[in-house]
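The values are calculated or read from the model by the stated rules, or taken from the named source; none is laboratory data. Here the structure is a predicted model, which means the values were calculated and not measured. FYI the Cβ positions are ideal-geometry reconstructions off the backbone, even for glycines, and counts take in every protein chain you see.
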Amino acid sequence: MSVKVALFANKDSKQINEIAEMVKTQGAEPIVFDIQIGGANTVLITEDNVSWNGTDFSDINAIHIRCTAPRTLPTLPPVLNAASYCEYRAGFLREQEYNAATHAFFEHLSCLGKLVVNPLTSAYLDHDSKSQFYAKLDTWGGLTPQSLMTTCPDTAKQFLDEVGEAIVKPAIGVGSTRMVTDDYDKIRLNELRLCPTLFQERIKGDTIRIHIVGDKVVLALKILSGDFIDSRTSIKGFEYIKLSDEEEKLIVSSNRKLGLHYAAWDAILREDGRLVYLDCNPGPFVMWIGEKYRSHVFAQLASYLIGYAETHSIDEATKRVVRYIQKK
């Protein structure tokens, strides 16, 4: 009987389907589940039986979850404005029981010694709201931008005067990043009283995307986007880059301290070779980096999941993971 790997995502997720094909290619059986709330999903948790839609998980020891759903406590909503907040809040109130059952399902599997990549816990809070994330990285030795989250116009003005060039982004969520300007932002600082905002010093350098599986950096890419502040808005391609051993050790250690087995980090590579960390994506979208690169990342994730399913050992699973090698 083949080893089984459970994969959870929104219905018809292209990313989870590619991961499933990679699991199948490596000789295991992928079982794909639709995690969307409001469908026909049934969850059962008893002392003797843990199942999802009638599938018994007693012989499934490795599970991967995409981050797109469900909206499970204690995560914060990636809202963009008051209207989307109201919509989110209404949906959240309707879905609390579903959220609780889903959260309990994955926590129960973790307590049984099964590998859940990644549990829907505080890592998503760190992804959506950066202040405490930066505080953790500072404690662990990582470099982060000088940052200020505030509702005080005077404090914001003082910060902007001190750092010079600065960028602004939402205090929570997935909104875009842009430069702070004199003729648009600085004359509107009084509006901060209505909503907290995150300001950061501008760090000059290349934007880097770093993919981690287990205890290894499996792929680091330079995002080719010209001089755009938000690299997502003008992607011209990707270029392989090898990080220093020191930075790899630091980021892998930080990933583990966040409780993660798989993640994609965003950072800026300064001219002196040091990374300044911006974000950690605990359920990363990988389809955008191109087939060659994403195939490698998905292959390593599949190897890690299958390795644990077969051995019940994180160390043994990590041994099966290999870094990307640039072909000449």
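Take segment 156-201 and flag every residue that is touching a strand residue (DSSP E or B) at 6+ places or on another chain (Cβ under 9 Å), touching a residue at least 40 places away in the same chain (Cβ under 8 Å), in a loop (DSSP other than H, G, I, E, B) and under 23 Å from Asp266 (Cβ atoms).
Ala171, Ile172, Gly175, Ser176, Thr177, Pro196, listed by residue number.
Quickly run through segment 48-80 and pick out the residues that are in a loop (DSSP other than H, G, I, E, B) and modelled with pLDDT of 75 or more. Give the steps one after another, and end with the answer.
First, pick out the residues of segment 48-80 that are in a loop (DSSP other than H, G, I, E, B): 48-49, 53-54, 57-61, 66-80.
Listed by number, the residues that qualify are Asp48, Asn49, Asn53, Gly54, Phe57, Ser58, Asp59, Ile60, Asn61, Arg66.
For segment 281-328, what are the residues that are closer than 24 Å to Lys14 by Cα, part of a loop (DSSP other than H, G, I, E, B) and not hydrophobic (A, V, I, L, M, F, W, C)?
Passing the criteria: Pro282, Gly283, Pro284, Gly290, Arg323, Tyr324.
Pairs under 7 Å by beta carbon, first residue more than 19 Å from Ile289 (Cβ to Cβ) and in the same structural domain as Phe298 (by TED's automatic domain parsing) in segment 255-266, partner among the β-branched types (Val, Ile, Thr) and crowded, with 18+ Cβ neighbours inside 10 Å, six or more apart or different chains?
Note: pairs meeting the criteria are Gly259/Thr121; His261/Val117.
Would you call Ala6 among the small types (Gly, Ala, Ser) and assigned to a helix (DSSP H, G or I)?
Details: among the small types (Gly, Ala, Ser): yes; assigned to a helix (DSSP H, G or I): no.
No.
Could you please let me know if Glu316 is at pLDDT 95 or above and more than 30 Å from Ser147 (Cβ to Cβ)?
In short, yes.
Could you go through segment 20-40 and let me know if any residue there is outside the structural domain of Trp288 (by TED's automatic domain parsing), at pLDDT below 90, more than 23 Å from Glu310 (Cβ to Cβ) and in contact with a helix residue (DSSP H, G or I) (Cβ under 6 Å, 6 or more places away or on another chain).
Initial filter on segment 20-40 (outside the structural domain of Trp288 (by TED's automatic domain parsing)): 20-40.
Those still in the list that are at pLDDT below 90 too: 34-40.
Applying the additional criterion that residues be more than 23 Å from Glu310 (Cβ to Cβ) yields 34-40.
So of that shortlist, the ones also in contact with a helix residue (DSSP H, G or I) (Cβ under 6 Å, 6 or more places away or on another chain) come out as 37.
Among the residues of segment 20-40, at least one is outside the structural domain of Trp288 (by TED's automatic domain parsing), at pLDDT below 90, more than 23 Å from Glu310 (Cβ to Cβ) and in contact with a helix residue (DSSP H, G or I) (Cβ under 6 Å, 6 or more places away or on another chain), which makes the answer yes.
State all residues of segment 264-278 that are in contact with an Asp or Glu (Cβ under 7 Å, 6 or more places away or on another chain) and under 8 Å from Leu143 (Cβ atoms); if no residue qualifies, say none.
Leu275
Listed here are the residues, each with its yes/no results for (1) in contact with a Pro (Cβ under 9 Å, 6 or more places away or on another chain); (2) among the aromatic types (Phe, Trp, Tyr); (3) within 24 Å of Tyr124 (Cα to Cα).
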| position | (1), (2), (3) |
| --- | --- |
| Lys242 | no, no, no |
| Asp245 | no, no, no |
| Ala263 | yes, no, yes |
| Gly273 | no, no, no |
| Asp279 | no, no, yes |
| Ser295 | no, no, no |
| Phe298 | no, yes, yes |
| Tyr308 | no, yes, yes |
| Lys319 | no, no, no |
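Looking only at segment 217-248, count every residue that is surrounded by fewer than 14 Cβ atoms within 10 Å (Cβ to Cβ) and at pLDDT 95 or above and tell me the total.
The total comes to 0.
Name the residue that is surrounded by the fewest Cβ atoms within 10 Å (Cβ to Cβ), counting only residues in segment 103-122 that are farther than 20 Å from Ala263 by Cβ, at pLDDT 90 or above and touching a strand residue (DSSP E or B) at 6+ places or on another chain (Cβ under 8 Å).
The selected residue is Leu112.
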